[in-house]
1. Count, please, the residues in segment 141-170 that happen to be within 24 Å of Val195 (Cβ to Cβ), without any contact (Cβ under 8 Å) to a residue 24 or more places away in the chain and among the acidic types (Asp, Glu).
2. Being open to solvent by 40 Å² or more (accessible area, probe 1.4 Å) and closer than 20 Å to Glu42 by Cα: is that true of His125 here?
3. Before we move on, is Pro72 assigned to a loop (DSSP other than H, G, I, E, B), at pLDDT 90 or above and out of contact with any strand residue (DSSP E or B) (no Cβ under 6 Å at 6 or more places or on another chain)?
4. Within the set of pairs 6+ apart or on separate chains, which have a first residue in segment 26-40 that is charged (D, E, K, R), a second that is surrounded by fewer than 17 Cβ atoms within 10 Å (Cβ to Cβ), and C-beta atoms under 8 Å apart?
5. Could you grab me the full set of residues in segment 154-165 that are open to solvent by 60 Å² or more (accessible area, probe 1.4 Å), over 16 Å from Arg18 (Cα atoms) and not basic (Lys, Arg)?
6. Just checking: which of the helices (runs of 4 or more DSSP H) contained wholly in segment 99-187 hold 2 or more residues that are farther than 29 Å from Lys84 by Cα?
7. Checking the condition hydrophobic (A, V, I, L, M, F, W, C), open to solvent by less than 70 Å² (accessible area, probe 1.4 Å) and modelled with pLDDT under 85, which residue from Val63, Val49 passes?
8. Within segment 13-35, count every residue that is touching a helix residue (DSSP H, G or I) at 6+ places or on another chain (Cβ under 7 Å) and open to solvent by 40 Å² or more (accessible area, probe 1.4 Å).
Amino acid sequence: MINASAVARESKADRARRFAEIVRRLEKEMPEAKIALSYEDELQLLVSVMLSAQSTDVVVNQVTPALFARYPTKRVGLWRAKAKNLHQTMTRIARDHHGHLPRKREELCELPGVGWKTAGVVVNHAFGTPALPVDTHVGRVSRRLGLTREEDPRKVEDELSALLRERLWGRAHQLLIWHGRRTCESRRPHCSRCVVRDLCPRRGVRESD
């Protein structure tokens with residue numbers, strides 16, 4: 001296992017090679033990794049990602065069929081604020097973008113309730129625009145792996161993106177999420193079954209199996 005002191009001495013080029021190997025191994029381990037949200041078009045994707053804040057993908061997938069059918073009968077976390085943002089966002093899309101979702105990440109961020117991470121997920125999955133948005137899983141796993149020390153999601157994304165080829169950004173985003181959910185869990189990571197444990201300094205890990 002690589003130790004913390006070795007990571008501290010690691011050059012950017014070496015860190016980039018280690019990150020690429022981590023992505024390669026995670027891809028081999030979880031080739032089925034994909035976005036967990038259910039949607040049929042880019043507009044539904046945007047709504048689902050907006051609803052997912054402070055909620056699980058499972059709950060969102062339970063809510064959205066009714067919502068998309070115009071029969072909302074369930075609630076998700078922060079539902080009042082989300083309802084307001086969704087109404088304002090749909091109004092803006094209809095009024096300012098002729099009913100079409102903006103294709104640029106910066107333009108999406110101008111919509112109410114759409115942050116940099118949400119916009120990154122949408123452009124990556126809806127339009128194939130390379131992005132490596134950082135959620136809680138990506139942030140936690142990348143810090144444990146010693147790929148970054150940053151806490152701010154934008155800064156984490158900047159560091160990770162600088163280490164990896166652009167064509168792999170979206171894939172790395174999804175694989176790190178799945179790894180965080182399946183193996184590198186928040187409270188007690190399953191290091192015994194981790195396929196990248198020899199590449200990980202386990203930064204910040206106090207207890208594992």
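The values are calculated or read from the model by the stated rules, or taken from the named source; none is laboratory data. Keep in mind that this is a model prediction, so the values were computed, not measured. So basically every Cβ, Gly included, is an ideal-geometry build from the backbone, and we count neighbours across all protein chains shown. The area values use the complete protein model at the heavy-atom level, side chains included, leaving out ligands, DNA and RNA. Shrake-Rupley method; radii C 1.70, N 1.55, O 1.52, S 1.80 Å.
1. Residues in segment 141-170 being within 24 Å of Val195 (Cβ to Cβ), without any contact (Cβ under 8 Å) to a residue 24 or more places away in the chain and among the acidic types (Asp, Glu): 1 in total.
2. The answer is yes for His125.
3. no
4. Lys28/Val195; Glu29/Val195
5. Asp158, the sole residue that qualifies.
6. On the way: elements: 105-108, 116-127, 136-144, 153-163, 169-182.
In segment 99-187, 136-144, 153-163, 169-182 are the helices (runs of 4 or more DSSP H) which contain 2 or more residues that are farther than 29 Å from Lys84 by Cα.
7. Step by step, each of Val63, Val49 is checked, and only Val63 is hydrophobic (A, V, I, L, M, F, W, C), open to solvent by less than 70 Å² (accessible area, probe 1.4 Å) and modelled with pLDDT under 85.
8. Residues in segment 13-35 being touching a helix residue (DSSP H, G or I) at 6+ places or on another chain (Cβ under 7 Å) and open to solvent by 40 Å² or more (accessible area, probe 1.4 Å): 4 in total.
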